[in-house]
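Read-outs throughout are calculated quantities, based only on the coordinates presented, and are distinct from any laboratory measurement. What you are looking at is a predicted structure, and each value in this text was computed from that prediction instead of being measured. For neighbour counting, all protein chains shown are included, and Cβ atoms are generated from backbone atoms with ideal geometry for every residue, glycine included.
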Amino acid sequence: MKKIGVLALQGAVSEHLDAISRTGATAVAVKHPDQLHDLDGLILPGGESTTMRRLMKKYDLFETIQAFAKSGKGIFGTCAGLVLTAREIDGSDDETLGLIDTVVMRNGFGRQKDSFEAAIEIKGLKGDPFPAVFIRAPYIASVGEQVSVLATIDNKCIAAQQGKILVTAFHPELTGDTRLLELFIASL
Ligand code: GLN
């Protein structure tokens, strides 16, 4: 059975833990670096990326998560997690984990679309369109050659994958549809 952690410093943690359990995998709330060693994958949840970065640094999880990914383990970054995993944040010097070759636009959908839901087609997912919830969501402004774009909305990239790193601009854990999570777990 696969063991999947959720970074539990801040943000939408419990919904991810529930979703992991529903797929039959083991869910772990990760607060300390020493919890990473026996995980197959880690979810970086939505929340506030600036706060999450500060707490990751404080609890010695920033470099540890980079090493975890480098050792071949999977990372699923949702919303703020997509921002933190990026190579770069457009217009900002804020440090990122640099796990996927993307440049992201924080709060990229602006005020008018602060929060919205959309049914989207995701490459690799069979069946109905995926119900995606966007909350002050970022988008991916550009990707490197190694990155596959999995979904777009208004020509903006909102889901992408590079090896075992999967990112979405939306919150897949909020709708009860676990197909994307299952896709992530199957890739590990
Ligand atoms: N706008 C937030 C950030 O950049 C992300 C919002 C979210 O995770 N729902 O940190």
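Dividing the summed helix terms, -39500 (n - 2.57) for each DSSP H run of n ≥ 4, by the number of residues in the chain produces a 222 nm estimate of -6000 deg cm²/dmol to the nearest 500. Sites listed here are chymotrypsin sites (Phe, Trp or Tyr not before Pro) in segment 44-113 whose DSSP assignment is loop and whose Cβ has at most 16 other Cβ atoms within 10 Å: Y59. Roughly how far apart, in whole Å, are the Cα centres of segment 81-106 and segment 141-186? Using only Cα atoms to place each centre, the spacing works out to 15 Å. In order along segment 101-109, the Karplus-derived 3J(HN,Hα) couplings, from 6.51 cos²θ - 1.76 cosθ + 1.60 at θ = phi - 60°, round to 7, 10, 10, 10, 9, 5, 6, x, 8 Hz, and Gly and Pro are given as x.
Computed about its Cα centre, the charge dipole of segment 63-188 is approximately 200 debye, with only Lys, Arg, Asp and Glu carrying charge at their Cβ.
Couplings 3J(HN,Hα) of segment 86-94, computed from phi: 5, 6, 7, 9, 4, x, 9, 9, 4 Hz, in residue order, whole Hz [Karplus 6.51 cos²θ - 1.76 cosθ + 1.60, θ = phi - 60°; x for Gly and Pro]. For E88, neighbours were defined as the other residues whose beta-carbon sits under 12 Å from its Cβ, and their charges (Lys and Arg +1, Asp and Glu -1) total -3.
Going from the fewest other Cβ atoms within 10 Å to the most, the residues L181, L188 appear in the order L188, L181. Remark: segment 64-71, residue by residue, has Karplus-estimated 3J(HN,Hα) of 5, 5, 4, 5, 4, 5, 5, 7 Hz, where x stands for each Gly or Pro and the curve is 6.51 cos²θ - 1.76 cosθ + 1.60 at θ = phi - 60°.
If Lys and Arg each add +1 and Asp and Glu each add -1, what is the summed charge of the other residues whose beta carbon sits under 10 Å from the beta carbon of A151? Counting the neighbours of A151, the net charge comes to +1. Per-peptide packing, taken as the mean over residues of other Cβ atoms within 10 Å, places 10-21, 120-131 in the sequence 10-21, 120-131 from highest down.
The H on the amide N of I120, modeled in the peptide plane, is under 5 Å from the matching H of F130, A132, each at least 5 residues off or on a different chain.
For the chain, the relative contact order comes to 19 percent (Cα pairs under 8 Å, sequence separation of at least 6). Taken over segment 40-188, lysine pairs spaced eight or more positions apart, or on distinct chains, with alpha carbons under 16 Å apart number 5. Fully extending the segment from D154 to S187 would add 9.1 nm, taking 0.36 nm per residue of separation and subtracting the current Cα-Cα distance. Can you check what the net charge comes to around E48, using other residues whose Cβ is under 10 Å from the Cβ of E48 (Lys, Arg +1; Asp, Glu -1)? Combined, the nearby Lys, Arg, Asp and Glu give +3. Taking label positions 7 Å along the Cα-Cβ direction at both D94 and T175, the computed distance is 2.5 nm, reported to one decimal.
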